[in-house]
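The values are calculated or read from the model by the stated rules, or taken from the named source; none is laboratory data. Fair warning: this is a prediction, and the values are worked out from it, not measured in the lab. A quick note on method: Cβ atoms are made from the backbone with ideal geometry, for glycine too, and the neighbour counts reach across all protein chains shown. We work out accessible area using only protein heavy atoms, side chains counted, and drop any ligands, DNA or RNA first. Shrake-Rupley method; radii C 1.70, N 1.55, O 1.52, S 1.80 Å.
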Amino acid sequence: MSPVKSLARTRHELAEFVRQRRERVTPAEVGLPSGPRRRTPGLRREEVAALAGVGITWYTWFEQGRDINVSETFLLNLSRVLKLDDEDCCHLFMLAQQRPPAYEARQATAVSRLTQAVLDQLAPCPAYVMNLRWDLVAWNQSADHWFRLNERADTERNLLRLVFRDDVLRERMPDWERDARKLLANFRCDLAVAPEDPTMTAFVDEMRRLSEPFRHWWDEPDRQGYQRGISRLTGDDGRVRSLRHEMLIVDEHLHLRMLVYFEDEAGNGVGDTAPRGN
């Protein structure tokens, strides 16, 4: 297919996508009266234009798929007006600008009941779900046994905060320095996804104030490799367990990932594996 035909098809898909989403939103959802004589399904074009902060003629051209330039601000405003979720917002950007929107670190604080059921079914393997800031937002009973998550305050349920600030956990990590440095290196990669997000930068600033090792290693070039989980942990029985873990994507748009730990009977900790993230 030639570039001209491909572009024409994309504009047609954009026009159809926006029209369908506009017709799904009721006036009441955006604070407008319905009126007894209203015939248009969903919102009218002029209503969307006004709510998105653009002129009706320009918006009509946009919805018709004409060759006009659109800004990121307009697309984000339109996503808000049309009540688009993260997946639909990304699709809108791909159709309009052939790129996803700039990532904002939406720090989800919960998971669906089905995801929680998956976590529970994974027992006795410890497993938890964390967001981009490495907050632990869900876990199973086995993970709670390891990390005492249920008895902690919400602000303390963060993997880096636990590793760098919890003295009890630190004593149970035979390879604390190696693990901490590799975890920090991996978190730096996640920060690159949303380098200007205030929740991410505020967390880094706070950890730099609270932990001297965090501050020192954060300022050093990375030479340690990467990992997302702890490689060895001493259990309540005093036995040191070598661990491997696997990362699963729970929600790519909310950047939720599940870490599942497996005890390595051969004694090869996660730090001995070559692939990044495993």
For region 208-216, indicate whether the set of residues that are under 30 Å from residue 92 (Cα atoms) and open to solvent by 70 Å² or more (accessible area, probe 1.4 Å) is non-empty.
no
How do the pairs read when you match residues in region 170-181 that are on the phi < 0 side of the Ramachandran plot with residues anywhere that are part of a helix (DSSP H, G or I) and surrounded by fewer than 17 Cβ atoms within 10 Å (Cβ to Cβ), using Cβ under 7 Å and keeping only pairs 6 or more apart or on different chains?
176/170; 180/213
May I ask you to verify whether residue 117 is modelled with pLDDT of 90 or more and either more than 30 Å from residue 142 (Cα to Cα) or hydrophobic (A, V, I, L, M, F, W, C) (or both)?
yes
Please tell me if residue 52 is open to solvent by less than 20 Å² (accessible area, probe 1.4 Å) and without any contact (Cβ under 8 Å) to a residue 40 or more places away in the chain.
yes
By residue number, the members of region 237-262 that are over 27 Å from the mean Cα position of the chain (by Cα), without any contact (Cβ under 8 Å) to a residue 40 or more places away in the chain and open to solvent by 20 Å² or more (accessible area, probe 1.4 Å) are 237, 238, 239, 241
Residue match in region 116-130 (condition: free of Cβ contacts under 8 Å to residues at least 12 places away in the same chain and of a type in the set (D, E, K, R))
no
Pick out the one residue from 80, 39, 99, 21 that is charged (D, E, K, R) and surrounded by 16 or more Cβ atoms within 10 Å (Cβ to Cβ).
21
Just checking: which of the helices (runs of 4 or more DSSP H) contained wholly in region 159-198 hold 1 or more residues that are open to solvent by 70 Å² or more (accessible area, probe 1.4 Å) and of a type in the set (Asp, Glu)?
167-171, 176-191
Tell me, which helices (runs of 4 or more DSSP H) lie completely within region 21-97 with 2 or more residues that are farther than 30 Å from residue 250 by Cβ and touching a helix residue (DSSP H, G or I) at 6+ places or on another chain (Cβ under 7 Å)?
45-52, 56-63
Exclusive hit being among the polar types (S, T, N, Q) and under 14 Å from residue 218 (Cα atoms), set 155, 201:
201
Inspect region 134-149 for any residue being in contact (Cβ under 8 Å) with a residue 40 or more places away in the chain and either part of a loop (DSSP other than H, G, I, E, B) or under 30 Å from residue 53 (Cα atoms) (or both) and give the result as yes or no.
yes
